[in-house]
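**Q** So that we are looking at the same thing, I have put the structure below in structure tokens.
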Amino acid sequence: MPALEHPAEMMMAAPLSTVQVGERFRSLPPHITLLPWFKLPETSSWETLRERIEDDIELDRFGKTIVGGFEHFGPDQNIRVARLGGVMFSVHAKIYATVKAEGGVFDETYAGLSWNPHITGYEGGEMDAVTPAGLMVVERGLGSKSVKWFHSWEEDDEATS
């Protein structure tokens, strides 16, 4: 019998501003999607995944990223995104491998070698330099999305100052 899935879907992203655990959104603030919506089987726990993310993935700051142009994504091509050229692929690859190892299921169209780095919800200009504020896991429920986990790079800066 196949493993049952947790009821909520999750995704991983690097928001451009700090978010709080438990904060709810109808639409997420500007962010770089690092892994599209996925589900974990019931045989895997969120806590185990979180520990693996913290242990296996370098939570180092991405640094500045340059916006390389704009496109429209989505089934109706109505979601304006800022394209980012070839950045953060190693971070995406580590997150992708970690979630897959925990049995995560997601649409491969938007992950692995098909991953297209971009910022959703960005209103700035082309060639702007942007710096993500950290790494977050978002859970999708009925009618809203909530921050399940957030690692802030600003706290890392304070700890090393």
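The values are calculated or read from the model by the stated rules, or taken from the named source; none is laboratory data. Values in this document were obtained by computation on a predicted structure and should not be read as measured data. Cβ atoms come from the backbone with ideal geometry, glycine included; neighbour counts cover every protein chain shown.
**Q** Considering only residues that are surrounded by 15 or more Cβ atoms within 10 Å (Cβ to Cβ) and either modelled with pLDDT under 90 or part of a strand (DSSP E or B) (or both), which ones fall in region 17-40?
**A** If the condition is that a residue be surrounded by 15 or more Cβ atoms within 10 Å (Cβ to Cβ) and either modelled with pLDDT under 90 or part of a strand (DSSP E or B) (or both), then 31, 32, 33, 34, 35, 36, 37, 38, 39, 40 are the ones that fit.
**Q** Considering region 100-115 alone, what residues qualify as being surrounded by 12 or more Cβ atoms within 10 Å (Cβ to Cβ) and under 17 Å from residue 88 (Cα atoms)?
**A** Passing the criteria: 110, 111, 112, 115.
**Q** Would you pick out the residues in region 128-153 that are hydroxyl-bearing (Ser, Thr, Tyr) and at pLDDT 90 or above?
**A** Once the filter is applied, which keeps residues that are hydroxyl-bearing (Ser, Thr, Tyr) and at pLDDT 90 or above, region 128-153 yields only 146.
**Q** Continuing with this model, one more query. Looking only at region 106-146, how many residues end up being among the β-branched types (Val, Ile, Thr), over 15 Å from the mean Cα position of the chain (by Cα) and part of a strand (DSSP E or B)?
**A** Selection size over region 106-146: 1.
**Q** Filter region 81-113 for residues that are among the aliphatic types (A, V, I, L, M) and within 12 Å of residue 49 (Cα to Cα) and give the result.
**A** Listed by number, the residues that qualify are 95, 97, 99, 101.
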